[in-house]
Amino acid sequence: MFTATCKKGGMYSMIDMLGQDEPLKKMMTLSSKPDVVIIHKGRDEEANPRSIMRYKDINKIRSKFGTMISVGGGLDPTRVKVAYFNGADIAILNVVFDPADRTVGLKQNADINTLIPVMLAAAR
């Protein structure tokens, strides 16, 4: 019903896999598949150096479903290229407002008008 309502309204349906160890298994249980699957690393995971983005899930999901894949959490301008290299269609970047904040992302004063085109060009 959610995906149908989104489609009717001209919107993409999205599901966030934050906290899901096996996103593909979760997708298999859904009766209606979303347009976008978000592979998401939580803020608490960003502070853990052992926590890595599970890029292998991108290809697992894409091999079964014709859906776009978004990656979020722990991305900074240099990691956007890695996300696209591993098959992500969309990269979600966090804006970090507090310089003491240990989460990864764009600094509040970042010049996004310059930075975004550079990141997109590097991702090609």
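Any read-out appearing in this document is the output of simple, stated calculations on the displayed coordinates, not a laboratory observation. Just so we're clear, the structure is a prediction, and the values are computed from it rather than from any experiment. Don't worry about glycine lacking a Cβ; one is built from the backbone with ideal geometry, like all the others, and counts go over all protein chains shown.
In table form, for the structure just shown:
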read-out: Neighbourhood charge, 11 Å Cβ-Cβ cut-off, centred on Met28 and excluding it, Lys, Arg +1 and Asp, Glu -1; value: +4
read-out: Using θ = phi - 60° and Karplus 6.51 cos²θ - 1.76 cosθ + 1.60, couplings along region 24-30 (whole Hz; Gly, Pro as x); value: 4, 4, 5, 4, 4, 7, 7
read-out: Extension reserve of the Lys60-Thr5 stretch, reckoned as 0.36 nm per residue once the Cα distance is removed; value: 17.1 nm
